[in-house]
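Contents: one structure, followed by commentary.
Values quoted throughout were computed directly from the atomic coordinates according to the rules given, and no laboratory measurement underlies them. Keep in mind that what you see is a predicted model, and the values were worked out from it rather than measured.
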Amino acid sequence: GRYPTSAWRAGDLIPDPHPLAVPALPSGADVRLVTGMYHPATVERLPVEAPDGPQPDHLIPLAIKSP
């Protein structure tokens, strides 16, 4: 929260961890967590560009780590 997106430059990697408790899932369950960035005034989802190009539906995939 101390480095606003307006100060970001192309190629910056900004770690900003937010732990999320995910309920126990059945063994072998296929889970994909995603998020997005939104314009605060319009709530429009912002485009997301990854090294391999634009991301489908402007979604950012999240890593899942076991405790």
Based on the Cα coordinates of the range 8-47, what is the per residue volume of their convex hull in Å³? 151
Under-5 Å amide H pairs with VAL34, H placed in peptide plane, nonlocal only: LEU62
With the convex hull built on the Cα atoms of the chain, state its orientation-averaged projected area in nm². 6.5
